[in-house]
Amino acid sequence: MRAADFAVRIAGVNRVGLQVSNYGFFGNNFGSRSPSFEFPLGQGYEHLSRAGLWVGARALDDEGVFTGVSAAIVDNSQGSSGPAETEYTPIKGTLTERSRIQNAARYSPDAISDQDLIAEYADTPAKPSSGFQREPHRPMHLRITQRTLGFTLQAADAFVVSSFTIHNDGPALQDVWVGLYAQIVSGNREAYTMWPPSAGTGPGSWYYKTYFEYDSTHSMVAERYCRALPVFDGCVVSYCPPWVGLQYLRSISHTPATPRTVHRWWVWSPGDTTRDEDFERYRLMSGGGAPNPDLCPFDGSCSPIQLLSVGPFPRIEAGDSLVVDFAWVGGDDRARLTDYADYASFAASIDYHLPSPPPSPRVHIESGNGRATVWWDDSPEFASDPTSPAPGGRDFEGYRLYLGLDRERPGMLAQYDLPDTTGFNTGLTRALAPQPLVADGITYRYRHELTNLKNGFRYFGAITSYDTGDPGAPPLESGLGQNKFALVPNARAGERGGVTVYPNPYRVDAAWDAGASARRHYVWFAGLPSRCTIRLYTLSGDLVFESAFDGSSYHGESASGLYDPTRDRDIQAPSQSGGAYAWDLITARGQAAASGLYVWSVEDRDSGAMSRGKLLLVKSDRE
């Protein structure tokens with residue numbers, strides 16, 4: 001199987017960012033700053049190094065009866081290769097995406113959720129021992145269809161479901177157990193200037209700072225960051241506030257079964273001989289090992305691995321299948337974690353047929369000097385909800401515009417409501433543009449002008465749709481995650497009388513990057529020609545930095561604090577004015593620029609005109 005056959009994607013349609021694969025592996029093992037299990041998405045709070053599917057059973061092959069466990073993962077070091085250690089092989093070298101959102105690019109009537117990610121893999125062929133998979137892999141002829149489901153509905157926007165359909169393509173299996181191995185460990189990714197995290201960077205080792213408990217009522221392992229005893233006074237939870245959980249939801253079997261859930265954990269130890277054979281792993285799945293979280297002390301010696309499994313399923317005949325579902329759950333606090341776990345259980349009980357509000361509209365942003373224009377289309381008005389009693393299922397009622405500096409909770413700025421018997425009856429004509437805007441093949445009929453914005457700041461927003469509701473349910477609103485955007489107001493060429501650089505002087509940090517790590521800082525060059533070359537020199541004439549700028553294609557990637565596509569998965573690239581560039585204070589040699597006075601120049605590549613000025617950097621010792 002070629003390396004190219006292995007694929008990963010980010011489930012990120014709501015407030016959870018989870019990396020999934022087509023070989024039963026979850027998370028990214030902190031090999032990149034991309035979300036592993038990030039909650040809330042976009043905040044930098046990570047909660048998972050690595051996880052993977054385990055399936056164990058009494059099986060039969062040509063050599064006779066055996067106890068097998070097909071494992072996507074075992075204890076290994078941070079940054080190790082998932083494809084190198086998995087005992088699963090992709091059947092299709094990709095992950096298929098589809099959505100139930102009717103105006104989405106990947107809309108499909110077969111979709112279950114707002115973002116379905118579908119993969120297929122098998123535990124064949126046999127594999128020799130490799131790394132810490134020290135026992136040669138003995139296949140049980142399993143074929144797995146893995147579905148990852150994400151919803152933007154507010155009640156469901158803090159969990160992602162992993163649903164496994166386990167097909168038996170071999171002889172009958174007995175006493176089957178299905179589990180998820182997970183190295184759940186929380187921390188603040190943005191506190192580290194270097195990645196992956198290590199004992200010598202940022203706040204030190206990421207690991208050995210885990211508080212966890214098993215919630216038997218919800219069949220869930222709950223975890224949060226905790227630096228030291230006593231719990232919770234010594235935890236310093238402000239460093240990483242959220243809770244997360246790994247929850248068992250349901251199982252569907254063709255044969256009668258009364259499965260039970262089992263939670264087991266152990267201290268991470270690659271190559272431990274007590275877990276390096278299938279019969280030992282099967283024993284853990286079925287209830288052997290340490291059950292008591294109190295045995296994991298906060299003394300820097302315990303880095304726990306979690307195993308949440310369900311079984312036994314007495315028999316799966318050849319050609320039959322078994323469905324087992326888990327959820328990755330987030331919560332701003334312990335109570336909210338429980339609320340979302342409750343709703344995840346409810347969603348599973350109705351086979352994930354969750355109510356569907358009208359889709360959010362498609363959005364286009366134009367930014368300028370202290371202002372922006374938000375455009376949106378009318379596609380939600382024609383969406384049909386089969387569960388609605390409205391004629392043709394068309395129960396659209398209105399739009400809500402959200403905007404603010406709070407990435408997680410932008411405030412509602414405006415509302416436009418159909419003039420009928422429901423809601424505010426403001427009408428939609430107030431938002432109707434005199435002339436529609438056509439961009440990228442989409443006709444945008446509505447617009448809202450934003451004024452009095454602060455140049456250089458990132459604003460976050462969304463436009464949602466909501467319906468009329470019905471006698472049995474209140475109005476439903478689409479989620480912010482469907483079209484969440486970022487915009488940065490800044491001067492276009494000529495809007496502020498020429499090129500400006502700000503803040504100038506730059507003292508340690510600006511208001512927009514206060515508290516960020518040194519390499520997440522930036523200053524703005526604004527009022528730039530649409531095509532130009534930016535240069536920065538020392539007073540002695542040494543070139544410090546040079547960049548070619550094209551306003552038609554610039555999105556802010558020059559400064560990771562402004563936009564980093566590997567980290568900022570909850571938004572698209574911020575809307576820019578086309579006349580501004582963010583410099584991250586890093587020289588052409590990759591070093592942080594020192595304090596001092598610099599000379600800058602901007603050369604218009606079309607006219608040859610030059611602009612010049614000076615920039616003073618006043619930085620602190622901590623940088």
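The values are calculated or read from the model by the stated rules, or taken from the named source; none is laboratory data. As the structure is a computational prediction, the values presented were derived from the model and not from experiment. Note that we place each Cβ from the backbone using ideal geometry, even for glycine, and neighbour counts take in every protein chain shown.
Hey, among Trp243, Trp266, which residue is modelled with pLDDT under 95, in the same structural domain as Ser345 (by TED's automatic domain parsing) and crowded, with 18+ Cβ neighbours inside 10 Å? Even if it seems obvious, please write down each step before you answer.
On the way: Trp243 fails: modelled with pLDDT under 95.
Just one listed residue meets the conditions, Trp266.
Name the strands (runs of 3 or more DSSP E) wholly inside segment 519-623 in which the number of residues that are more than 38 Å from the chain's Cα centre (by Cα) is 1 or more. I'd like the intermediate steps shown before the answer.
Numbers: elements: 523-526, 531-538, 543-550, 580-583, 596-604, 610-618.
So the answer is 531-538, 543-550, 596-604, 610-618.
For segment 513-541, how many residues are surrounded by fewer than 20 Cβ atoms within 10 Å (Cβ to Cβ), in contact with a Ser or Thr (Cβ under 9 Å, 6 or more places away or on another chain) and either closer than 26 Å to Arg605 by Cβ or not assigned by TED's automatic domain parsing to the domain that holds Ala573 (or both)?
The number of residues fulfilling the criteria is 5.
Do we find a residue being among the basic types (Lys, Arg), crowded, with 16+ Cβ neighbours inside 10 Å and either more than 33 Å from the chain's Cα centre (by Cα) or not in a loop (DSSP other than H, G, I, E, B) (or both) anywhere in segment 490-512?
Taking segment 490-512 first, the residues among the basic types (Lys, Arg) are 492, 496, 507.
Still in the list and also crowded, with 16+ Cβ neighbours inside 10 Å: 492, 496.
Applying the additional criterion that residues be either more than 33 Å from the chain's Cα centre (by Cα) or not in a loop (DSSP other than H, G, I, E, B) (or both) yields 496.
For segment 490-512, residues among the basic types (Lys, Arg), crowded, with 16+ Cβ neighbours inside 10 Å and either more than 33 Å from the chain's Cα centre (by Cα) or not in a loop (DSSP other than H, G, I, E, B) (or both): present.
Quick one: count up the residues across segment 3-19 that are closer than 17 Å to Gly481 by Cβ, assigned to a strand (DSSP E or B) and of a type in the set (A, V, I, L, M).
Qualifying residue count for the region: 3.
Output the residue which, of all residues in segment 351-375 that are assigned to a loop (DSSP other than H, G, I, E, B) and over 17 Å from Ser478 (Cα atoms), is nearest to the chain's Cα centre (by Cα). Please lay out each step first, then the result.
First, the residues of segment 351-375 that are assigned to a loop (DSSP other than H, G, I, E, B): 351-362, 369-370.
Going one step further and asking which of them are over 17 Å from Ser478 (Cα atoms), we end up with 351, 369-370.
Values: Asp351: 24, Asn369: 32, Gly370: 30 Å.
Ranking the qualifying residues of segment 351-375, first place goes to Asp351.
Among the residues of segment 417-458, count how many are at pLDDT 95 or above, closer than 20 Å to Ser478 by Cα and hydroxyl-bearing (Ser, Thr, Tyr).
Of the residues in that region, 2 qualify.
With (1) basic (Lys, Arg); (2) in contact with a Gly (Cβ under 9 Å, 6 or more places away or on another chain); (3) more than 23 Å from Phe457 (Cα to Cα) as the list, and Arg567 as the residue in question, which single condition is left unmet?
The single condition Arg567 does not satisfy is (3).
List every residue pair whose Cβ atoms sit under 8 Å apart, with the two residues 6 or more apart in sequence or on different chains, where the first one lies in segment 509-531 and is under 16 Å from Ala559 (Cα atoms) and the second, anywhere, is of a type in the set (A, V, I, L, M, F, W, C) and at pLDDT below 85.
Asp509/Ala516
Please verify whether segment 340-354 includes one or more residues that are within 29 Å of Ala172 (Cβ to Cβ) and of a type in the set (A, V, I, L, M).
Initially, segment 340-354 is screened for residues within 29 Å of Ala172 (Cβ to Cβ), giving 348, 351.
With of a type in the set (A, V, I, L, M) added as a condition, the list becomes 348.
Yes.
Mind checking whether some residue in segment 117-137 is closer than 17 Å to Phe37 by Cα and either among the small types (Gly, Ala, Ser) or part of a strand (DSSP E or B) (or both)?
Checked against the condition, which is being closer than 17 Å to Phe37 by Cα and either among the small types (Gly, Ala, Ser) or part of a strand (DSSP E or B) (or both), segment 117-137 yields at least one hit.
With respect to Gly330, determine if the residue is small (Gly, Ala, Ser), assigned by TED's automatic domain parsing to the domain that holds Gly131, in contact (Cβ under 8 Å) with a residue 12 or more places away in the chain and out of contact with any strand residue (DSSP E or B) (no Cβ under 9 Å at 6 or more places or on another chain). Spell out the reasoning first.
Details: small (Gly, Ala, Ser): yes; assigned by TED's automatic domain parsing to the domain that holds Gly131: yes; in contact (Cβ under 8 Å) with a residue 12 or more places away in the chain: yes; out of contact with any strand residue (DSSP E or B) (no Cβ under 9 Å at 6 or more places or on another chain): no.
No, not satisfied.
Quick check on my filter: what residues within segment 268-306 are among the aliphatic types (A, V, I, L, M) and over 18 Å from Trp54 (Cβ atoms)? It would help to see each step written out before you state the result.
Taking segment 268-306 as the starting set, the residues that turn out to be among the aliphatic types (A, V, I, L, M) are 284-285, 290, 295, 305.
Of everything in segment 268-306, just one residue is among the aliphatic types (A, V, I, L, M) and over 18 Å from Trp54 (Cβ atoms), namely Leu295.
Scan (1) of a type outside the set (Lys, Arg); (2) at pLDDT 95 or above; (3) part of a loop (DSSP other than H, G, I, E, B) for the single condition Ala51 breaks and write down its number.
Every condition holds for Ala51 apart from (3).
Return only the number of the condition from (1) without any contact (Cβ under 8 Å) to a residue 60 or more places away in the chain; (2) under 22 Å from Trp265 (Cα atoms); (3) in contact with a Leu (Cβ under 9 Å, 6 or more places away or on another chain); (4) not acidic (Asp, Glu) that Thr96 does not satisfy.
(2)
Taking the options Tyr506, Tyr554, Tyr563, name whichever one is under 20 Å from Gly613 (Cα atoms) and among the hydroxyl-bearing types (Ser, Thr, Tyr).
Numbers: Tyr554 fails: under 20 Å from Gly613 (Cα atoms); Tyr563 fails: under 20 Å from Gly613 (Cα atoms).
Matching residue, one of Tyr506, Tyr554, Tyr563: Tyr506.
Can Ala156 be described as touching a helix residue (DSSP H, G or I) at 6+ places or on another chain (Cβ under 8 Å), among the aliphatic types (A, V, I, L, M) and buried (at least 23 other Cβ atoms within 10 Å of the Cβ)? Quick ask: steps written out before the conclusion?
Details: touching a helix residue (DSSP H, G or I) at 6+ places or on another chain (Cβ under 8 Å): yes; among the aliphatic types (A, V, I, L, M): yes; buried (at least 23 other Cβ atoms within 10 Å of the Cβ): yes.
Here the answer is yes, as Ala156 does meet what is asked.
Residue check: is Arg138 in contact with a Phe, Trp or Tyr (Cβ under 9 Å, 6 or more places away or on another chain), free of Cβ contacts under 8 Å to residues at least 24 places away in the same chain and crowded, with 16+ Cβ neighbours inside 10 Å?
Numbers: in contact with a Phe, Trp or Tyr (Cβ under 9 Å, 6 or more places away or on another chain): yes; free of Cβ contacts under 8 Å to residues at least 24 places away in the same chain: no; crowded, with 16+ Cβ neighbours inside 10 Å: yes.
So Arg138 fails the test.
State whether the residues of segment 382-403 include one that is acidic (Asp, Glu) and surrounded by fewer than 19 Cβ atoms within 10 Å (Cβ to Cβ). Walk me through it before giving the result.
Of segment 382-403, the ones acidic (Asp, Glu) are 385, 395, 397.
Among the residues that remain, those that are also surrounded by fewer than 19 Cβ atoms within 10 Å (Cβ to Cβ) are: none.
The answer is no, given that none of the residues of segment 382-403 is acidic (Asp, Glu) and surrounded by fewer than 19 Cβ atoms within 10 Å (Cβ to Cβ).
Residues of segment 542-586 being touching a residue at least 40 places away in the same chain (Cβ under 8 Å) and loosely packed, with under 14 Cβ neighbours inside 10 Å, which ones?
Leu543, Glu546, Ala548, Thr566
With the checklist (1) buried (at least 21 other Cβ atoms within 10 Å of the Cβ); (2) polar (S, T, N, Q); (3) within 19 Å of the chain's Cα centre (by Cα) in hand, flag the one item Thr86 doesn't pass.
(3)
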